[in-house]
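Visitor: There's a structure below that I have some questions on.
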Amino acid sequence: MTKKMKRVEINLEFPIRCSPSILFNYISNPSGLQEWFAHKVISKSRLDFEFEFDDGTINKAKLLKSVNNRLTRFKWENSPENEFMEIEIIVDELTDDVAIKITEQCSEEEMRGLKELWESQIDTLRHVVGS
């Protein structure tokens, strides 16, 4: 009998110096996502995306939610029903500092690798936006 791995939600926040409107283009459309997140991103329709990663893996996702200049939420094709990947732009009301918040679900065993992957991806995003 196989033991079912416990799934956990991770929330990672990364400061980034960029205006929310510019940053939104990098988290919401294929050409922006292609600059930092995946090797190639194709929008099959307004809601259906295909992500090709550097290792040749292709993952399909559905855009569940998009709030202009604030967030995008994707559901990976083969992920459990209640799981998603959300990229949110957070602006501190007092300082106007901008951050990217990542919310995703994974097994406890995948947590460290996923955090390292996001750190690397966000470093690439910072470089792309000149932050």
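Visitor: If the requirement is being farther than 17 Å from Gln121 by Cβ and outside any loop (DSSP other than H, G, I, E, B), which of these qualifies: Glu13, Glu50? Let's see the steps before the verdict.
Guide: On the way: Glu13 fails: farther than 17 Å from Gln121 by Cβ.
Just a single option satisfies the conditions, and that option is Glu50.
Visitor: What number of residues within the stretch 17-48 are among the hydrophobic types (A, V, I, L, M, F, W, C), crowded, with 17+ Cβ neighbours inside 10 Å and closer than 18 Å to Glu86 by Cα?
Guide: Step one: list which residues in the stretch 17-48 are among the hydrophobic types (A, V, I, L, M, F, W, C), which gives 18, 22-24, 27, 33, 36-38, 41-42, 47.
With crowded, with 17+ Cβ neighbours inside 10 Å added as a condition, the list becomes 18, 23-24, 27, 33, 36-38, 41.
After this cut, where a residue has to be closer than 18 Å to Glu86 by Cα as well, the list is 23-24, 27, 33, 36-38, 41.
Matching residues across the stretch 17-48 total 8.
Visitor: Report, by residue number, each residue of the stretch 83-96 that is surrounded by 13 or more Cβ atoms within 10 Å (Cβ to Cβ), outside any strand (DSSP E or B) and more than 11 Å from the chain's Cα centre (by Cα).
Guide: To start, the set of residues in the stretch 83-96 that are surrounded by 13 or more Cβ atoms within 10 Å (Cβ to Cβ) comprises 83-91.
Adding the requirement that they be outside any strand (DSSP E or B) leaves 83-84.
Glu83 - this is the single residue of the stretch 83-96 that is surrounded by 13 or more Cβ atoms within 10 Å (Cβ to Cβ), outside any strand (DSSP E or B) and more than 11 Å from the chain's Cα centre (by Cα).
Visitor: Residues in the stretch 49-82 that are farther than 23 Å from Glu13 by Cβ and crowded, with 17+ Cβ neighbours inside 10 Å: how many?
Guide: As a first pass, look at the stretch 49-82 and keep what is farther than 23 Å from Glu13 by Cβ: 49-50, 52-60, 62, 77-78, 80-81.
Of the ones still in play, those that are also crowded, with 17+ Cβ neighbours inside 10 Å are 49.
Looking only at that region, the number is 1.
Visitor: Right, next: In the stretch 53-82, which residues are among the hydrophobic types (A, V, I, L, M, F, W, C), touching a residue at least 12 places away in the same chain (Cβ under 8 Å) and outside any loop (DSSP other than H, G, I, E, B)?
Guide: Within the stretch 53-82, the subset among the hydrophobic types (A, V, I, L, M, F, W, C) is 53, 58, 61, 63-64, 67, 71, 74, 76.
Going one step further and asking which of them are touching a residue at least 12 places away in the same chain (Cβ under 8 Å), we end up with 53, 61, 63-64, 71, 74, 76.
Residues satisfying the conditions are Ala61, Leu63, Leu64, Leu71, Phe74, Trp76.
Visitor: Right, another one. Name the single residue, out of those in the stretch 97-123 being polar (S, T, N, Q) and surrounded by 12 or more Cβ atoms within 10 Å (Cβ to Cβ), that is modelled with the lowest pLDDT.
Guide: Narrowing the stretch 97-123 to residues polar (S, T, N, Q): 103, 105, 107, 120-121.
If we keep only those that are surrounded by 12 or more Cβ atoms within 10 Å (Cβ to Cβ) too, we end up with 103, 105, 107, 121.
On the way: Thr103: 97, Gln105: 94, Ser107: 89, Gln121: 95.
In this case the residue turns out to be Ser107.
Visitor: Please count how many residues of the stretch 16-40 are part of a loop (DSSP other than H, G, I, E, B), without any contact (Cβ under 8 Å) to a residue 24 or more places away in the chain and in contact with a Phe, Trp or Tyr (Cβ under 8 Å, 6 or more places away or on another chain).
Guide: Restricting attention to the stretch 16-40, the residues satisfying the condition of being part of a loop (DSSP other than H, G, I, E, B) are 16-19, 29, 35-39.
Imposing the further condition that a residue be without any contact (Cβ under 8 Å) to a residue 24 or more places away in the chain reduces the set to 29, 38-39.
Then keep just the ones that are in contact with a Phe, Trp or Tyr (Cβ under 8 Å, 6 or more places away or on another chain); that gives 38-39.
Number of matching residues: 2.
The values are calculated or read from the model by the stated rules, or taken from the named source; none is laboratory data. Note that the coordinates shown come from a computational prediction; the quantities given were computed from them, not determined experimentally. Note that each Cβ is placed from the backbone with ideal geometry, even for glycine, and that neighbours are counted across all protein chains shown.
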